[in-house]
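The values are calculated or read from the model by the stated rules, or taken from the named source; none is laboratory data. These figures come from a predicted structure and were not determined experimentally. Ideal geometry is used to build each Cβ from the backbone, glycine not excepted, and the neighbour counts take in all protein chains shown.
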Amino acid sequence: MEPTTYCTNIHPGESWEEIRSGVLAHAPAVAAAVCPDRPFPVGLRLSGRASLEIDAEAARAFAAEAASLGLTFRTLNGFPYGRFHHTPVKESVYLPDWRDPERAAYTLRLARLLAGWLAEGETGSISTVPIGFRQGFPVADLPAAYAAIRGVLAALADLLAATGRRIRLAVEAEPGCLIETTAQMAAFFAALDAPPAHMEHLCVCYDCCHQALQYEDPAASLALLAAAGIAVGHVQVSSALHYDGADVSRLARFVEPVYLHQAVARLHDGTLRRFDDLQKAIAARIDGVASWRVHFHLPIFVSQLPECATTQPFLRAILPLFDPSIPLEVETYTWSVLPAELKTGGLTQSIIREIAWVEATRRP
């Protein structure tokens with residue numbers, strides 16, 4: 001069984017030196033607590049800036065330093081390109097999207113780095129934006145985005161031939177984007193029209209918070225991917241807010257200026273209403289709502305808050321269903337904006353508690 005790890009997008013830092021320092025300051029302590037007897041596979045986030053700053057020599061030195069501490073790298077978070085902490089991110093987190101040549105160039109820089117860190121014959125994955133944010137993305141732009149993705153898949157096939165390292169592009173469904181549901185993911189794979197040999201380099205980064213937000217059934221979601229022949233490259237183990245009732249203003253303390261907190265209302269008739277941010281949902285004052293779910297990553301060991309529950313039941317249902325070989329990463333990147341009572345014990349201890357919770361839950 002692959003050890004559960006965490007995604008380092010929880011650590012602030014955009015330069016290569018900031019990212020390197022953040023990993024080395026926290027990951028060894030986490031590894032010692034949860035994975036003392038074998039290498040700990042860190043889920044590494046590299047910004048666009050860091051991917052330009054790190055050269056081959058620095059990459060080799062970092063890999064050697066990490067290995068001496070029992071750390072390895074099989075998955076990279078290539079989703080947030082720019083600054084990700086302590087400044088308003090909101091919709092800009094999806095830029096550059098797949099219309100911009102820099103998205104493809106950035107992804108291939110990450111792929112070359114990961115190829116240098118993987119053992120020969122090993123497979124890695126890089127998470128990415130699900131094409132782009134829906135608002136302001138006309139359908140007429142889709143062919144260019146699809147062409148860019150096909151180009152990256154072709155380059156990943158060439159990289160495998162040259163290095164013996166298979167790296168897959170892992171598309172992550174995201175609320176408010178062109179791909180937000182499992183059905184939309186399956187439709188995207190069907191429409192991409194890349195050669196079969198190149199499609200082997202495409203997979204899904206399955207974010208549990210994002211699919212819970214869509215009120216999807218865990219088993220049905222994974223069954224739909226399997227029926228479409230879509231592989232899961234790695235899993236982001238994360239949890240959202242769940243509120244039974246119509247008055248979403250009860251969740252107003254989770255409105256904050258840094259991240260988008262998309263909200264989905266399930267009406268009494270079963271239909272869904274989606275809002276790009278929690279404050280917009282509060283202002284809408286819609287009728288007929290049975291419950292709300294809000295995109296706010298919480299420590300996954302939390303099941304109940306004073307004003308609402310969480311989508312932890314989704315995690316309890318889905319974690320035992322993943323193949324044991326698929327990397328699982330806890331991803332509570334919202335640490336800096338969490339309510340104070342959820343930060344008890346500090347960052348490193350919270351990550352350790354999350355990983356321990358996953359390990360206890362994933363075994364049926």
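Quick check on the range 80-87. Is at least one of its residues within 20 Å of residue 18 (Cα to Cα), modelled with pLDDT under 95 and among the basic types (Lys, Arg)?
For the range 80-87, residues within 20 Å of residue 18 (Cα to Cα), modelled with pLDDT under 95 and among the basic types (Lys, Arg): present.
Could you say whether any residue in the range 339-346 is under 19 Å from the mean Cα position of the chain (by Cα) and either at negative phi or modelled with pLDDT of 95 or more (or both)?
No - not one qualifying residue is present in the range 339-346.
Quick one: how many residues across the range 311-334 are farther than 18 Å from residue 218 by Cβ and surrounded by fewer than 19 Cβ atoms within 10 Å (Cβ to Cβ)?
The number of residues fulfilling the criteria is 1.
Do we have residue 38 as touching a residue at least 12 places away in the same chain (Cβ under 8 Å), within 20 Å of residue 234 (Cβ to Cβ) and surrounded by fewer than 16 Cβ atoms within 10 Å (Cβ to Cβ) here?
When the stated conditions are applied, residue 38 passes them.
Given 201, 210, which one is modelled with pLDDT of 95 or more, closer than 26 Å to residue 74 by Cα and under 15 Å from the mean Cα position of the chain (by Cα)?
Exactly one of 201, 210 is modelled with pLDDT of 95 or more, closer than 26 Å to residue 74 by Cα and under 15 Å from the mean Cα position of the chain (by Cα), namely 210.
Looking only at the range 172-209, which residues are of a type outside the set (A, V, I, L, M, F, W, C) and closer than 15 Å to residue 132 by Cα?
172, 174, 175, 176, 180, 181, 184
Quick check on the range 218-240: of everything there that is touching a helix residue (DSSP H, G or I) at 6+ places or on another chain (Cβ under 6 Å) and either in a helix (DSSP H, G or I) or of a type in the set (A, V, I, L, M) (or both), which residue is nearest to residue 176 (Cα to Cα)?
The extreme case among them is 240.
Which one is surrounded by the fewest Cβ atoms within 10 Å (Cβ to Cβ) among residues in the range 92-131 that are aliphatic (A, V, I, L, M) and in a loop (DSSP other than H, G, I, E, B)?
The residue in question is 119.
So residue 113 passes all but one of these: (1) of a type outside the set (Asp, Glu); (2) over 19 Å from residue 168 (Cα atoms); (3) in contact (Cβ under 8 Å) with a residue 60 or more places away in the chain. Which condition number does it fail?
Status for residue 113: all satisfied but (2).
If we only count helices (runs of 4 or more DSSP H) wholly inside the range 132-203, which ones have 2 or more residues that are touching a residue at least 40 places away in the same chain (Cβ under 8 Å) and β-branched (Val, Ile, Thr)?
Output list reads 142-163.
Conditions first: (1) part of a helix (DSSP H, G or I); (2) of a type in the set (A, V, I, L, M); (3) within 21 Å of residue 30 (Cβ to Cβ); (4) within 21 Å of the chain's Cα centre (by Cα). Residue 76 passes all but one, so which condition is the exception?
It is condition (1) that residue 76 fails.
Determine whether residue 260 is among the hydrophobic types (A, V, I, L, M, F, W, C), within 14 Å of residue 358 (Cα to Cα) and surrounded by 15 or more Cβ atoms within 10 Å (Cβ to Cβ).
Here the answer is no, as residue 260 does not meet what is asked.
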